[in-house]
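**Q** Handing you a structure now.
The values are calculated or read from the model by the stated rules, or taken from the named source; none is laboratory data. Quantities reported herein were computed from a predicted structural model and do not represent experimental measurements. With ideal geometry, Cβ positions are generated from the backbone for all residues, glycine too; neighbour counts draw on all protein chains shown.
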């Protein structure tokens, strides 16, 4: 349990925030300049702040005490991997082990819970990389080494500052399973800074939304995404739709998972990097270009997911029509050509059927 109640003033920016953060992965979400990184640095003790910070009953900051950063059992991973260029991958990992051993007071767990070198090598698939120089690693490989090195310092709390920043989409997809491992395999409480809802919905159980240095929402990711879409459209950096569903069953024969989304069935391919439990809630990302529309429920087609909805709005340009649908109270966006919109005679308030390919749901 992390408890914070802090104030930070710098030039014309102020961070004024109080929160109690529990286990699991909590996203710190907001636009650039909202105070996300400043919050992480304050928790780590890297910037001067006023107020109170405590972790697992131990006070790090109050009126009379300021625990220095090296005595806080924190693993901090910045946007830059900050690997030592003169060391190979293995030596970078061994440096972290040495640092954990030399920490005073020692925060290394006992042998039954300590994170071992072999554990991170296996989890992050590092064996082929260990003897390679840092300069000969790809961006994704460097991030994997950086994550492993952070874990080997034996942190009790992880602070991740936009660890996917600067990576292209293919590299991001490569790294996502390993980010899941940080909390799922090693059970380390994590704060994950991001301004991308796509990342947050895949990785985080909870979300804290920060706007202009103040907390404006703190709760489940499910509720947080709804809050951002409804109240803070200026924070949306994507045209993706986010559909929330509950796991109903797994089809082991075809490796599919069936969800209940607003009372309707949706099938998705079984996730390779994450085991979803029955009744677990998940958030799907849907690209507007992957949503076709029909006036009647179609039959005899390969598309497995057909959702009934009502048109909330139509925003037409010279070539396309952006259609916003309500699916049982959830928002789904579709982008179709303007001629198709006219030929279907689409209007606000009409009931239509949205066709979603299972392979396009992330």
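**Q** Mind checking which residues of the range 255-297 are free of Cβ contacts under 8 Å to residues at least 40 places away in the same chain and either in the same structural domain as residue 125 (by TED's automatic domain parsing) or within 16 Å of residue 176 (Cα to Cα) (or both)?
**A** 270, 271, 275, 276, 282
**Q** Could you list, in sequence order, the residues of the range 309-321 that are over 16 Å from residue 242 (Cβ atoms) and either touching a residue at least 12 places away in the same chain (Cβ under 8 Å) or crowded, with 16+ Cβ neighbours inside 10 Å (or both)?
**A** Selection gives 310, 311, 313, 314, 316, 317, 318, 319, 320, 321.
Results for (1) at pLDDT 90 or above; (2) touching a strand residue (DSSP E or B) at 6+ places or on another chain (Cβ under 8 Å); (3) within 25 Å of residue 123 (Cα to Cα); (4) surrounded by fewer than 16 Cβ atoms within 10 Å (Cβ to Cβ), shown as yes or no for each residue.
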{"residue": "188", "(1), (2), (3), (4)": "no, yes, yes, no"}
{"residue": "192", "(1), (2), (3), (4)": "yes, yes, yes, no"}
{"residue": "198", "(1), (2), (3), (4)": "no, yes, yes, no"}
{"residue": "203", "(1), (2), (3), (4)": "no, yes, yes, no"}
{"residue": "216", "(1), (2), (3), (4)": "yes, yes, no, no"}
{"residue": "244", "(1), (2), (3), (4)": "no, yes, no, no"}
{"residue": "249", "(1), (2), (3), (4)": "yes, yes, no, yes"}
{"residue": "262", "(1), (2), (3), (4)": "yes, yes, no, no"}
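**Q** Among the residues of the range 280-298 satisfying the criterion of being at pLDDT 90 or above and outside any strand (DSSP E or B), which is surrounded by the fewest Cβ atoms within 10 Å (Cβ to Cβ)?
**A** Of everything passing the filter in the range 280-298, 296 is surrounded by the fewest Cβ atoms within 10 Å (Cβ to Cβ).
**Q** Which residue, of 76, 117, 83, is closer than 19 Å to residue 1 by Cα, at pLDDT below 95 and crowded, with 16+ Cβ neighbours inside 10 Å?
**A** 76
**Q** Go through (1) in a loop (DSSP other than H, G, I, E, B); (2) closer than 20 Å to residue 203 by Cα; (3) touching a helix residue (DSSP H, G or I) at 6+ places or on another chain (Cβ under 9 Å) for residue 277 and report which single condition fails.
**A** (3)
**Q** Which members of the range 51-68 meet the condition of being surrounded by 13 or more Cβ atoms within 10 Å (Cβ to Cβ) and either outside any strand (DSSP E or B) or touching a residue at least 24 places away in the same chain (Cβ under 8 Å) (or both)?
**A** Within the range 51-68, 51, 52, 53, 54, 55, 61, 62, 67 qualify.
**Q** Here's a follow-up. Looking at the range 29-42, can you tell me whether even one residue there is assigned by TED's automatic domain parsing to the domain that holds residue 219 and part of a strand (DSSP E or B)?
**A** Yes.
**Q** Just one of (1) outside any loop (DSSP other than H, G, I, E, B); (2) not assigned by TED's automatic domain parsing to the domain that holds residue 36 trips up residue 318, so point out which.
**A** Checking residue 318 against (1) outside any loop (DSSP other than H, G, I, E, B); (2) not assigned by TED's automatic domain parsing to the domain that holds residue 36, the one that fails is (1).
**Q** Out of 306, 310, report the one residue that is closer than 18 Å to residue 256 by Cβ, part of a strand (DSSP E or B), in contact with a strand residue (DSSP E or B) (Cβ under 9 Å, 6 or more places away or on another chain) and not assigned by TED's automatic domain parsing to the domain that holds residue 224.
**A** 306
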